[in-house]
Amino acid sequence: MLCWGLSKTTAVGVLAMIGAGGWVGVAGAAVVDQVHGESGVSGGTATLGVWSLRGYRAFSCDTVNGTIGGNVVSAVGFPTLRGPGCPDGAGPTADPLGPCFTPPMQVKAALDLLPQGGRALTLEAGPGMYYLFDPNATANRWGGMGDMYYMDTLPGAGRVQGPWADVWATAIRNRFDTWFGELKKLGADVDVVLCDFEMGGHSSSYDWAHQPTVDGSDPVDALLIDPRWPALQATLNAVGKAYGVEFDSASMKAMATWTSRDWRMHVWGQVVTTDGVATLLNSSIYRAIAAHYPNVRFSNFAHLHHTDPSGVVVPSTAHGLWPYAGGAIGLGAHVGTHQSRGFYGETNTTRVIAAQTPGPDGRQTELTGSSFASLLVSVVTARDMVRAAPDTPVHPWLAPKEGDWGAGLSYLSSGNASTDEVFMWEENVFHLALSTATVEFLWWQPGAQKPVGVGQPLLSRALAELDWVTGLATHGGSAECTLRPISANTTDVDSWAPTFLLSGVTITCSDGYSREVYRFTPRCTRTVWCTWFGSAYPPRNGTVSPSWRIGSGWNLSPVPSSVVLLAESPVSTAGAWLIRDTE
């Protein structure tokens with residue numbers, strides 16, 4: 001596992017009080033709670049109000065300065081600018097405090113409207129600060145990057161790009177250090193930064209080897225004569241040794257022919273695309289911010305840890321992950337303090353990909369498409385992230401249930417309305433929260449989805465239900481609370497055809513409050529009845545040691561000595577809350 005020398009946080013959440021009704025994070029904690037603040041900025045006009053928030057929250061990157069309130073925080077954007085005052089865009093030599101960038105004072109004013117512990121910035125509001133705009137660059141544009149680039153242009157007539165990014169790294173490190181240094185001098189607080197740098201996929205072996213060159217030459221020719229190649233070659237050979245592959249000149253000249261059944265593709269993907277891009281972002285962006293805000297919570301979309309599907313390091317049933325862990329060997333990497341990925345659900349097709357293994361004998365496991373199958377894959381993936389890196393907390397990305405993905409609704413959104421599978425989106429939120437012990441989600445609303453803020457009311461209701469059932473809405477006070485995921489025989493998923501999903505978390509507070517909270521979601525619908533033993537479905541509030549009859553088969557009591565807890569207005573009736581108070 002490569003964590004790049006970061007000061008790690010932990011997957012265990014810790015919450016601490018900061019005054020009447022409010023929380024703030026303990027140094028080194030994975031999660032931070034927040035309370036009262038004024039509501040955000042809409043169209044540049046501040047709308048002030050009272051906002052009380054405890055426990056679970058989400059930070060939105062795509063509804064910047066849009067709706068705000070409930071348990072959802074609209075992060076503040078600070079894009080690079082173009083126009084008469086900055087005709088060339090934000091190039092490598094642009095002054096970070098000049099006309100190409102959002103003024104730090106303007107950003108501070110917006111951050112001041114957010115609650116303590118929840119003052120969030122997003123790098124995704126328009127062209128983020130990590131983009132270099134330079135129309136005079138010699139790079140041959142490719143792969144849809146337009147005039148945004150990050151990889152070096154190698155010497156030679158071909159004008160090959162990358163895979164190194166030394167020019168970008170120097171410019172971006174200086175940019176972030178200067179800009180955030182000024183923000184700090186102004187007295188602004190920054191608690192969370194959302195990052196979605198996805199250009200790293202251009203360094204994958206297939207994309208890189210197939211980039212166009214000005215003179216039609218093979219990109220590998222420029223790579224092999226670069227003075228940085230011997231060091232990279234030595235790292236590739238060291239990692240490739242376990243897989244019986246080497247990266248000599250002949251091997252590299254065949255790069256364009258590598259496939260997913262070739263270990264060379266996966267070794268390159270781990271070394272260059274996964275680890276290399278993580279190192280780049282940690283050194284150039286995260287550490288530049290953390291130098292001024294050492295307790296900032298930071299992650300980059302799709303940089304995550306996973307157990308090793310190749311079986312060389314740690315055998316796993318995990319599947320291939322996009323885009324940075326797509327190489328599917330090793331244990332992945334993270335950027336900043338958290339690992340992160342999207343949990344949007346598979347698109348509504350006839351099959352759901354559950355697992356993939358790489359190499360010459362690679363295989364793929366597919367499940368019959370259903371909302372429950374999509375939920376299953378989501379939960380297994382989240383648990384694999386925690387198992388691979390239990391000391392690195394998780395930032396799960398969510399998207400609106402109402403969203404249309406072009407190829408149809410996500411399976412998590414489009415269950416049959418005549419069955420409880422219509423609630424799998426809500427069940428996904430609950431199981432992710434318990435399986436990862438996170439209280440912090442990230443929110444993406446695709447630009448084509450209207451209106452701004454669609455889906456946020458439902459998300460806020462789901463998070464509020466988590467606050468209620470865990471006790472974080474009423475307990476804590478002057479206390480600290482610790483959350484730990486429960487891993488037991490009953491919560492384990494040992495096949496791709498389970499009859500139920502059970503996730504759990506333990507909450508322990510310094511005031512003596514302690515509770516185990518479980519979410520039980522049976523794989524049954526109203527057409528194949530799932531009943532209580534001796535009573536009708538749905539469950540009854542206060543039932544002790546509840547049992548289910550799975551279809552016409554066997555009875556199941558998933559959590560002995562637990563008690564059913566029903567929300568007054570539950571967001572989902574597809575599952576049940578089971579609690580055990582242990583105080």
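The values are calculated or read from the model by the stated rules, or taken from the named source; none is laboratory data. It should be emphasised that the depicted structure is a prediction, and the values quoted were computed from it without experimental measurement. Reconstructed Cβ throughout: ideal geometry from the backbone, glycine too, with neighbour counts over all protein chains shown. Ligands, DNA and RNA are excluded from the accessible area calculation, which covers all protein heavy atoms including side chains. Shrake-Rupley method; radii C 1.70, N 1.55, O 1.52, S 1.80 Å.
Taking the criterion of being under 26 Å from Met199 (Cβ atoms), surrounded by fewer than 23 Cβ atoms within 10 Å (Cβ to Cβ) and in contact with a helix residue (DSSP H, G or I) (Cβ under 9 Å, 6 or more places away or on another chain), the only residue of the range 69-79 that qualifies is Gly77.
Scanning the range 446-484 for residues that are farther than 30 Å from Ser510 by Cβ and either out of contact with any strand residue (DSSP E or B) (no Cβ under 7 Å at 6 or more places or on another chain) or at pLDDT below 80 (or both) yields Pro446, Gly447, Ala448, Gln449, Lys450, Pro451, Val452, Gly453, Val454, Gly455, Pro457, Leu458.
In the range 407-440, the qualifying residues are those that are β-branched (Val, Ile, Thr) and more than 16 Å from the chain's Cα centre (by Cα), and the one that is modelled with the highest pLDDT is Val422.
Against the conditions (1) touching a Cys at 6+ places or on another chain (Cβ under 8 Å); (2) at pLDDT 95 or above, Trp443 satisfies every one except (2).
For the range 471-481, the criterion of being more than 22 Å from the chain's Cα centre (by Cα), assigned to a loop (DSSP other than H, G, I, E, B) and under 22 Å from Ala574 (Cα atoms) is met by at least one residue. Arg173 falls short on exactly one of the conditions (1) in contact with a Ser or Thr (Cβ under 6 Å, 6 or more places away or on another chain); (2) open to solvent by less than 30 Å² (accessible area, probe 1.4 Å); (3) modelled with pLDDT of 90 or more, and that condition is (2).
Conditions: (1) small (Gly, Ala, Ser); (2) at pLDDT below 70; (3) not in a loop (DSSP other than H, G, I, E, B). Gly326 meets all but one. Number of the miss? Failing condition for Gly326: (3). Inspect the range 145-156 for any residue being of a type in the set (Phe, Trp, Tyr), modelled with pLDDT of 90 or more and at negative phi and give the result as yes or no. No, the range 145-156 contains no residue that is of a type in the set (Phe, Trp, Tyr), modelled with pLDDT of 90 or more and at negative phi. Would you check if there is a residue in the range 182-198 being of a type in the set (Gly, Ala, Ser), in a helix (DSSP H, G or I) and surrounded by fewer than 23 Cβ atoms within 10 Å (Cβ to Cβ)? Scanning the range 182-198 turns up no residue that is of a type in the set (Gly, Ala, Ser), in a helix (DSSP H, G or I) and surrounded by fewer than 23 Cβ atoms within 10 Å (Cβ to Cβ).
Taking the range 90-115 as the search range and keeping residues that are touching an Asp or Glu at 6+ places or on another chain (Cβ under 7 Å) and part of a loop (DSSP other than H, G, I, E, B), which one is surrounded by the fewest Cβ atoms within 10 Å (Cβ to Cβ)? Among them, the one singled out is Leu97. Apart from one condition, Gln116 fits all of (1) modelled with pLDDT of 85 or more; (2) closer than 30 Å to Phe441 by Cβ; the exception is (1).
The set of residues from the range 229-250 being touching a residue at least 24 places away in the same chain (Cβ under 8 Å), over 16 Å from Gly359 (Cα atoms) and touching a helix residue (DSSP H, G or I) at 6+ places or on another chain (Cβ under 7 Å) comprises Thr235, Leu236, Ser249.
Every listed requirement among (1) modelled with pLDDT of 85 or more; (2) more than 27 Å from Pro400 (Cβ to Cβ); (3) open to solvent by 10 Å² or more (accessible area, probe 1.4 Å) is met by Ala333 save one, (3).
For Asp207, the test of being within 30 Å of His395 (Cβ to Cβ) and within 25 Å of the chain's Cα centre (by Cα) is passed. Among the strands (runs of 3 or more DSSP E) confined to the range 339-405, the ones with at least 1 residues that are modelled with pLDDT of 90 or more and either within 13 Å of the chain's Cα centre (by Cα) or surrounded by 20 or more Cβ atoms within 10 Å (Cβ to Cβ) (or both) are located at 339-342, 394-398. The set of residues in the range 494-515 being crowded, with 18+ Cβ neighbours inside 10 Å, part of a loop (DSSP other than H, G, I, E, B) and among the hydrophobic types (A, V, I, L, M, F, W, C) is empty.
Note on the range 214-243: residues that are closer than 16 Å to Thr153 by Cβ, open to solvent by 50 Å² or more (accessible area, probe 1.4 Å) and not acidic (Asp, Glu) total 4.
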